[in-house]
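To keep things clear, I will list the structure first and then write my remarks on it.
Here, each number is a calculation from the coordinates, and none is a lab measurement. Predicted model, so just to flag it, every value in this text is computed and none were measured. Methodologically, a virtual Cβ is constructed for each residue, glycine included, from the backbone with ideal geometry; neighbour enumeration extends over all protein chains shown.
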Amino acid sequence: MHASSRDKMRRFVDQHLAQRRDQALVVHDLGSQDVNGSYRDLFDAPRWRYVGMDMVAGDNVDLVLKTPYTWREVASNSVDVVVSGQALEHVRYMWITLLEVARILKPGGVCCLIAPSSGPEHRYPVDCWRFYPDGMDTLARFAQLDALEVSTQWVPEGYPDGSDAWQDSVLICRKPDHGPWWNTKSALKRWFQHRSMTQGLVDVPVAPAFPAAAPLVAPPPMAPVRTEPAAPSGATPPPLEQCYFYHTVQLPTGQTMRGQWDLRPAVGAYLGNVDFAGRSVLEVGPASGFLTFHMEAAGAAVTALEPPMEHLWDVAPSPEFDVIAWRRAFHHAILRVRNSFQHLHHLHNSQARLIVDHLETLPVTTGPFDVGVLASVLLHCRSPFSVMEHLARHVTDTIIVTEPYDENLGELPVCRLLPDPAVKQADTWWALTPTFVVRSLELLGFSQSQLSIHHQLREIDGVMVPMFTVVARRP
Ligand SMILES: C[S@@+](CC[C@H](N)C(=O)[O-])C[C@H]1O[C@@H](n2cnc3c(N)ncnc32)[C@H](O)[C@@H]1O
């Protein structure tokens, strides 16, 4: 949830609900899952009841809807306020959803919908639409709602988090109340519209987002620890619909698969501009393998290492955190990420090896390697120094470490612990300073370091994120 969207919702609350703070109001938020923030606190009044609705279980979700088009879970005329932000663009047949918004609103109930008119594609898990004022007005008319306000933020307002990129549109509307006879006639009309549009409707299933929006399914049996080569290129790769791409990649067919990060524009900087020609590389945590295949194309012989599925990632403990549910959802998502690696491995006709093993017990006979790569891995590990130490055992020449850069942490060799009971962070442990990495590698014998700062495109919100890369060599 970017800052400008929250500001728009706050404005709606101030202008349309502030007078009603003492009334009992039921507020439903469509697409409420807390990916990076939510509206919940804006509706924090003693007599208001906020209900977060989403298609998947997760943070800030009170009600999981079976489908976005028929909300059997919510009674007609039962809700005072419906809000939604950054959700409608992800609903394929969103006009049907508008009929459901109108159905559940009480006569006289109000609604605030916020959705982008611009910004990069961000498949969560699909990205179908952008909204202009006339389109918002059309949606209101279609669902027999009275538009009270329609606007688009055409002009940048200087939000530091990149919010301006979305140029969000806002629709504020009211369900008219013209008396029982008119209201019933209107409901009947909507019912016929809804029925004709949903009969035989097939909403194509798509890969879940990674990892937050993965459905909570029973995990398949855990794979035993094993060391294996990646699937030989002749073997059938997992089909695309069973893949989740962590990195944005272009397939040889020309199709672009959008991931969480698009490293393509600045991949050289991300890897410290190291020359990979003729070098052997041990890459820890390749995810979808964009870096693997990039380094291979640059002339490296790459061995990529992922932890066994029963390890998944190091989970940060928290008293109120449901680790079991999280692991289930994450397991499902990680399987799909690994499928994406195998899929790309096949398409690239790659010779890279994928080893599934713990770094700490990886036999030294697997290497040695000229170069070790730890890109966006340390922040997810309980003991970053140990991970560097274990990698160093296998590397004869160069270690590359890339991490997010937080200039507020200053120049000291610092690791800031991120998990906080108020901010549920299951899989991200640390914000590290470049000095912490440089000093650690120095202690491990890699004393000649070069540091660079660069920006990488986080696809899910279009923000250019500052990152640092340390390239450290043995003398
Ligand atoms: C955020 S992704 C980074 C992917 C890729 N290296 C990049 O920079 O875009 C983190 C990767 O680290 C792996 N990983 C997470 N915890 C790990 C651990 N304890 N040991 C080794 N790898 C781990 C994950 O499976 C995943 O592939």
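For the pair Ala3/Asp44, report the inter-label distance in nm, with labels modelled 7 Å from Cα in the Cβ direction.
Each label point is offset 7 Å from its Cα along the Cβ direction, giving 1.9 nm.
If you place +1 on the Cβ of every Lys and Arg and -1 on the Cβ of every Asp and Glu, how big does the dipole about the Cα centre of the chain come out, in debye to the nearest 20? Before the final figure, lay out each step's value.
Working: 40 positive and 51 negative charges, 275 e Å.
Dipole magnitude for the chain comes out near 1320 debye.
5 Å is the cut-off here: which amide hydrogens, built 1.01 Å from N in the peptide plane, fall below it relative to Val51, excluding neighbours closer than 5 in sequence?
Val27, His28, Asp29
What does the charge add up to near Leu282, with Lys and Arg as +1, Asp and Glu as -1, over the other residues with Cβ less than 11 Å from its Cβ?
Working: positive: Arg279, Arg353, Arg393; negative: Glu283, Asp370.
Computed value for this residue: +1.
Select from His454, Gln153, Trp95 the residue farthest towards the positive end of the dipole of the chain; place +1 on Cβ of Lys and Arg, -1 on Cβ of Asp and Glu, and compute about the Cα centre.
Result: Trp95.
Sorted from fewest to most neighbouring beta carbons within 10 Å, what does the list Glu459, Glu241, Glu149 look like?
On the way: Glu459 21, Glu241 11, Glu149 15.
Starting with the residue having the fewest Cβ neighbours, the order is Glu241, Glu149, Glu459.
With +1 on each Lys and Arg Cβ and -1 on each Asp and Glu Cβ, and nothing else charged, work out how big the dipole of region 240-473 is about its Cα centre, in Debye to the nearest 20.
Values: 15 positive and 24 negative charges, 65 e Å.
Value, rounded to 20: 300 debye.
Could you list His343, His358 so that the one with the fewest beta carbons within 10 Å of its beta carbon is first and the one with the most is last?
Values: His343 23, His358 12.
Listed from fewest to most nearby Cβ atoms, that is His358, His343.
Quick one: check the C-alpha center-to-center distance for region 13-50 versus region 265-342, whole angstrom.
That distance is 39 Å.
Quick check on the chain: helices-only [θ] at 222 nm, where DSSP H runs of length 4 and up contribute -39,500 (n - 2.57) each and the sum goes over total residues. Nearest 500, please.
Dividing the helical sum by the residues of the chain leaves -7000 deg cm²/dmol.
Explain nothing, just the number: dipole magnitude of region 3-198 about its Cα centre with +1 on each Lys and Arg Cβ and -1 on each Asp and Glu Cβ, in debye rounded to the nearest 20.
On the way: 23 positive and 25 negative charges, 204 e Å.
I would put it at about 980 debye.
Have a look at Phe436, Val74, Ser117 and report the one farthest towards the positive end of the charge dipole of the chain, computed about the Cα centre with Cβ charges (Lys/Arg +1, Asp/Glu -1).
Value computed over the given set: Val74.
Given Ser318, His348, Thr303, which one lies farthest toward the positive end of the charge dipole of region 240-473, if we put +1 on the Cβ of every Lys and Arg and -1 on the Cβ of every Asp and Glu?
Of the options given, the answer is His348.
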